[in-house]
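Here the structure is laid out as structure tokens; the discussion comes afterwards.
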Amino acid sequence: MEHVWVHKEYNKCSLCFQKFRDWWQTLAHRAVHEEDGKCCLICKKKKKSIASLEYHYRKVHSGDENIQLECNICFQRYGDPRKLRKHQLLSHSNKKYTCDYCQKIFSYRNSIKIHLKTHFKEKLVRCKQCDFACNTITSLKSHTLRKHTADKVFCNVCAKWLKDQKSLDTHKCRVQQLQICPVCGKEQKSLSRHMASHSTVAQYKCDKCPAAYKNKGSLREHLDKHAGIPRKQCEFCPKAFYNAAVLIKHRRIHTGIKPYVCHVCQKAFTGNNNLKVHMRVHGEDLIKKKIKEDVNLKIFS
């Protein structure tokens, strides 16, 4: 230990002459040249990566409260080795995994493994309590919670189902940071998926009729109509729907949530269309009819 502390003032590797930010980063780098691999020189504890080893040095042996790991390419800092590894894979790695069926690109091998199961027609994961079948264990867990858990509760903040009230009390919502669309200015959870709605090209085409859609979800709902299988099942009653938006509006009958409020008399409604019809009572017609471009040009001419 006394010998190791002698080198604390040096921030350069004596074997490859690479310079580092501080002593702990240099010490973690030395594992590259060791025969034991990624092993702590002080307590001999083994780690999976250099970033994890540096995190170990800083947390256990340095006593630093504010631990910051630095990317060796762009020098961006993270407080967790997993976040640093995720950043390096997404930003600085050329290793990508492409799906052979839909050409979708993934950064992680496990992600494409899970995604490939969605293309399999045969659903191997089956529920023991009913005839439900799916492709992943995660989907089965979600189904069991929604359909076969009597004490389940619903979080109104992040729209997640939990198994009981105790879980809801200790539940911490992981609300996604919303991104603003540069075209329409609306806040979106997935900006890349939303941008497809502004595209003029409907790339997802139905193989049974001429219909085409801008996103994969709309095509899936359309194909369900052909098959006569409404997959959006209500958690409170036997009713099922093809469209998720219709299910959300229907669910308000059970939950009692009325998000559309009249600004004149404060009366609330479950749907926007109901509010528009109600506003006519106050002499306000909020239903705006769209005028086609060619008709509009004739008016101005």
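Just so you know, all these numbers are worked out from the coordinates, no wet-lab data involved. Computed from a prediction, not measured in an experiment: that's the story for all the values here. Virtual Cβ from ideal backbone geometry, glycine too; neighbours counted across all protein chains shown.
Things worth noting here:
- Estimated vicinal HN-Hα couplings, Hz - segment 224-233 in sequence order (Karplus 6.51, -1.76, 1.60; Gly, Pro = x): 5, 5, 4, 7, x, 10, x, 8, 7, 8
- Most mobile of 158, 74, 99 in a GNM of the chain (Cα contacts under 10 Å): 74
- Normalised by the number of residues in the chain, the mean separation of alpha-carbon contacts (under 8 Å, six or more apart) gives a relative contact order of 4 percent.
- Filter on 86/117; 48/83; 147/189; 147/232 - keep pairs with C-alpha separation over 21 Å: 86/117; 147/189
- Computed [θ] at 222 nm, deg cm²/dmol, the chain (DSSP H ≥ 4; -39,500 (n - 2.57); rounded to nearest 500): -9000 deg cm²/dmol
- Extension reserve of the residue 167-residue 223 stretch, reckoned as 0.36 nm per residue once the Cα distance is removed: 16.5 nm
- Charge dipole (debye, nearest 20) of the chain; +1 at Cβ of Lys and Arg, -1 at Cβ of Asp and Glu: 980 debye
- Taking other Cβ atoms within 10 Å as a rough exposure proxy, 24, 161 sort from fewest to most as 161, 24.
- Dipole of the chain computed with +1 at Lys/Arg Cβ and -1 at Asp/Glu Cβ about the Cα centre; of 167, 262, 68, farthest Cα towards the positive end is 262.
- The spread of Cα positions in the chain, taken along each principal axis and listed from longest to shortest, comes to 85, 62, 48 Å.
- On Cα atoms only, tilt of 81-92 relative to the major axis of the chain in degrees: 70 degrees
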